[in-house]
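S.K.: Encoded as structure tokens, here's the structure I'll be asking about.
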Amino acid sequence: MTKGSDLLVAAIENEGVDRIFGIPGEENLDVVESIRKSSIELVLTRHEQAAAFMAATYGRLTGKPGVCLTTLGPGALNLSTGAAYALLGAMPMVMITGQKGILSSRQARFQVVDVVASMKPLTKLARQIVSPQMIPTTVREAFRIAQEEKPGPVHLELPEDIAAEECQEVALIAPHQLELPTASDAALDRAADLIAAAKRPLLMFGAAASRPRSTSDIAQFVIRTRIPFFTTQMGKGTVPGGTELYMGTAALSERDYVHEAIEQADLIITIGHDTIEKPPFIMGKGGPKVVHVGYQPATVEQVYFPQSEVIGDIGPSLKALADRLEGKLPNAHALLHLRERILERIAARATEDRFTPQRLVHDIREVMPHDGILALDNGMYKIWFARNYRTRMANTLLLDNALATMGAGLPSAMVASMLYPERRVMAICGDGGFMMNSQELETAVRLKLNLVVLVIEDNAYGMIRWKQAVDEFPDFGMTFGNPDFVKYAESYGARGTRVEDISQFKQVLEEAFSGGGVHLVNVPVDYSENERVLVKELRERLPAILEA
């Protein structure tokens, strides 16, 4: 005989899960005991939201579903933001929550909410387990659905009496590889004809191009076609550096320097674009035609309506498309002459002796090796890193341009450090976003992670304050006070340093990395550049666009 919780944990082990993030509760103590007897590590966090962010990032980096565990009611509901983060960001994740018994009701409705119903809009599947015998098939289905295109979160609720119920052994189901179809010959031929006829073609890589399964084939496509490319925020790093074809990242929807190339293109081939991202460009009358290459058909939007689609496994589909195009694109480099000017303008004033966003990006790039990982929270600095930080490997700049939630930067960096302990990993947070999950410093210290946490301080919700100023509203309701971040880090057993002079910044980061452990680095920021560059300078570029 066995019991439901043992079956659940055995089924999760069968999926190759090596760790579960979360906070247990009274209603899943049987599951916790089953985990204790298993090979799975329980990573105890200080808030359920952080557990969800960590599980989602595990899925993002590995392609395999991350798993998180909470109790019923308040614990389960604290997963909601993480569920939406994984759903919009296409990160495979399985959430397991507890519930009061369903065969009896000794505590009546205490703490009971309909978590399954609340999770349905935020997941690919939400289901309550009502019998131990159904656990192996339910778990196998949950992991399959979480991982298949488009990846995302799945929720399973296990009531405490089903977890404790004794039952006969039930055979587990072995996972198997799912092969995705390749695009049809007809679709490939149509797309190849459009690309070959283009006078000024341009490639764009979006969020789905960062899937671990497809990045090598994508790089080969660029090398074989020699078409210049730009990326969305979440598509950064999909093609390694060194191709000399990178034109920039569309951190804004329009007007930025990379849009000089977009506006002159007569055809854009979007690879892995998902309209959950803030639009990297806006389609309209007289604009370029678009060929959509993706795992799934394009979502037709007011700003995105491709004229041709190549649907299937992106890697093999691109290989078949390159077979049709290699050596047949006389106009491949037509836009490349814009590259130097675009990149020079983006990198301008990056070495000024001020705590500008450009200088922070410049110095961080110099201390991070090609495989170093930055995990960004959400704030004004995210636009600057998207624009200015040059990536050389996929998934080395983890940012969220889908839900764009605050609070995910530190938990995401922690998972990256767990998975890649030999690589430099840095969390980059504004003071607002950092304080939303700053308690996870204790978790990072307890786990003995090697992690640098950069806290950029402006004592305000800076992005909204900037938008408030751009829209000519009075400065109101956006500022706050902060703790002494150095002492705050030290109170958790981490180290802390405040940088008072920008000339010391790189040295402080080097020492933080070389010292090991968790080290918080606190810097001020001069956000006057937001107005100077992202408003005034780009507005001055607009007349040139209209004249062209």
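S.K.: Asn450 - would you say it is within 24 Å of Val367 (Cβ to Cβ) and of a type in the set (S, T, N, Q)?
M.R.: Here the answer is yes, as Asn450 does meet what is asked.
S.K.: Check off (1) within 22 Å of Met393 (Cβ to Cβ); (2) surrounded by fewer than 24 Cβ atoms within 10 Å (Cβ to Cβ); (3) of a type outside the set (Phe, Trp, Tyr) for Val290 and give me the number that stays unchecked.
M.R.: Unmet condition: (1).
S.K.: Would you mention how many residues in the range 19-49 are more than 29 Å from Met435 (Cα to Cα) and not in a helix (DSSP H, G or I)?
M.R.: 4
S.K.: Only one of Leu419, Leu447 is more than 21 Å from the chain's Cα centre (by Cα) and closer than 23 Å to Lys64 by Cα; which?
M.R.: Checking each option against the conditions leaves just Leu447.
Residue-by-condition table, conditions (1) loosely packed, with under 15 Cβ neighbours inside 10 Å; (2) without any contact (Cβ under 8 Å) to a residue 60 or more places away in the chain; (3) over 21 Å from Ser417 (Cβ atoms); (4) of a type in the set (Val, Ile, Thr):
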| position | (1), (2), (3), (4) |
| --- | --- |
| Asn482 | no, yes, yes, no |
| Glu490 | yes, yes, no, no |
| Gly493 | yes, yes, no, no |
| Asp501 | yes, yes, yes, no |
| Gln504 | yes, yes, yes, no |
| Leu520 | no, no, no, no |
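S.K.: Only one residue in Leu449, Leu441 is closer than 19 Å to His47 by Cα, in the same structural domain as Ala375 (by TED's automatic domain parsing) and touching a Phe, Trp or Tyr at 6+ places or on another chain (Cβ under 6 Å), so which one is that?
M.R.: Leu441
S.K.: I'd like to check something: does the range 30-49 contain any residue that is within 21 Å of the chain's Cα centre (by Cα), more than 30 Å from Met393 (Cβ to Cβ) and in contact (Cβ under 8 Å) with a residue 60 or more places away in the chain?
M.R.: Yes: one or more hits.
S.K.: Can you name the number of the only condition in (1) of a type in the set (Ser, Thr, Tyr); (2) part of a loop (DSSP other than H, G, I, E, B); (3) modelled with pLDDT of 95 or more that Thr299 fails?
M.R.: Failed condition: (3).
S.K.: Considering (1) touching a helix residue (DSSP H, G or I) at 6+ places or on another chain (Cβ under 9 Å); (2) free of Cβ contacts under 8 Å to residues at least 40 places away in the same chain, say which one Pro297 fails and leave the rest.
M.R.: Status for Pro297: all satisfied but (1).
S.K.: Still on this model: Being touching a strand residue (DSSP E or B) at 6+ places or on another chain (Cβ under 9 Å) and either within 13 Å of Ala208 (Cβ to Cβ) or outside the structural domain of Lys199 (by TED's automatic domain parsing) (or both) is the filter here, so list the residues in the range 284-309 that pass it.
M.R.: His292, Val293, Gly294, Tyr295, Gln296, Pro297, Ala298
S.K.: Please determine whether any residue of the range 488-505 is in contact with a Leu (Cβ under 8 Å, 6 or more places away or on another chain) and over 20 Å from Ala375 (Cβ atoms).
M.R.: The answer is no; no qualifying residue exists.
S.K.: Could you please give the count of residues in the range 293-312 that are among the aliphatic types (A, V, I, L, M) and surrounded by 22 or more Cβ atoms within 10 Å (Cβ to Cβ)?
M.R.: Count: 2.
S.K.: A further question follows. Identify the single condition in (1) part of a helix (DSSP H, G or I); (2) in contact (Cβ under 8 Å) with a residue 40 or more places away in the chain; (3) in the same structural domain as Met380 (by TED's automatic domain parsing); (4) out of contact with any strand residue (DSSP E or B) (no Cβ under 7 Å at 6 or more places or on another chain) that Arg539 does not satisfy, given that it satisfies every other one.
M.R.: Only one criterion in (1) part of a helix (DSSP H, G or I); (2) in contact (Cβ under 8 Å) with a residue 40 or more places away in the chain; (3) in the same structural domain as Met380 (by TED's automatic domain parsing); (4) out of contact with any strand residue (DSSP E or B) (no Cβ under 7 Å at 6 or more places or on another chain) is unmet by Arg539, namely (3).
S.K.: Further question: Looking at Val293, Val310, which one is within 24 Å of Glu149 (Cα to Cα), assigned to a strand (DSSP E or B) and within 22 Å of the chain's Cα centre (by Cα)?
M.R.: Among Val293, Val310, only Val293 is within 24 Å of Glu149 (Cα to Cα), assigned to a strand (DSSP E or B) and within 22 Å of the chain's Cα centre (by Cα).
S.K.: Output the residue which, of all residues in the range 344-402 that are acidic (Asp, Glu) and under 17 Å from the mean Cα position of the chain (by Cα), is farthest from Asn530 (Cα to Cα).
M.R.: Asp371
S.K.: Could you check how many residues of the range 95-117 are within 29 Å of Leu399 (Cα to Cα) and either in contact with a Cys (Cβ under 8 Å, 6 or more places away or on another chain) or modelled with pLDDT under 95 (or both)?
M.R.: The qualifying residues number 2.
S.K.: Quick check on the range 156-171: of everything there that is within 13 Å of Asn28 (Cα to Cα) and of a type in the set (Asp, Glu), which residue is surrounded by the fewest Cβ atoms within 10 Å (Cβ to Cβ)?
M.R.: Here the residue is Asp161.
S.K.: Here is a further query. Give, as residue ranges, the helices (runs of 4 or more DSSP H) completely inside the range 79-162 that count at least 3 residues that are not aliphatic (A, V, I, L, M).
M.R.: Filter on the range 79-162 gives 80-89, 135-147.
S.K.: Return yes or no: is Leu61 assigned to a helix (DSSP H, G or I) and of a type in the set (A, V, I, L, M)?
M.R.: The answer is yes for Leu61.
S.K.: Also: I'm checking my understanding of the structure. Among residues of the range 3-38 that are small (Gly, Ala, Ser) and touching a helix residue (DSSP H, G or I) at 6+ places or on another chain (Cβ under 6 Å), which one is surrounded by the fewest Cβ atoms within 10 Å (Cβ to Cβ)?
M.R.: Among those that are small (Gly, Ala, Ser) and touching a helix residue (DSSP H, G or I) at 6+ places or on another chain (Cβ under 6 Å), it is Ser38.
S.K.: Quick one: count up the residues across the range 209-229 that are buried (at least 22 other Cβ atoms within 10 Å of the Cβ) and touching a helix residue (DSSP H, G or I) at 6+ places or on another chain (Cβ under 7 Å).
M.R.: Residues meeting the conditions: 8.
S.K.: Another question, then. Taking into account only those residues within the range 49-69 that are of a type in the set (Val, Ile, Thr) and farther than 17 Å from Gly98 by Cα, which is modelled with the lowest pLDDT?
M.R.: Thr62
The values are calculated or read from the model by the stated rules, or taken from the named source; none is laboratory data. The structure presented is a predicted model; accordingly, all values stated were derived computationally and were not measured. Heads up, the Cβs are rebuilt from the backbone with ideal geometry, glycines too, and the neighbour counts pull from every protein chain shown.
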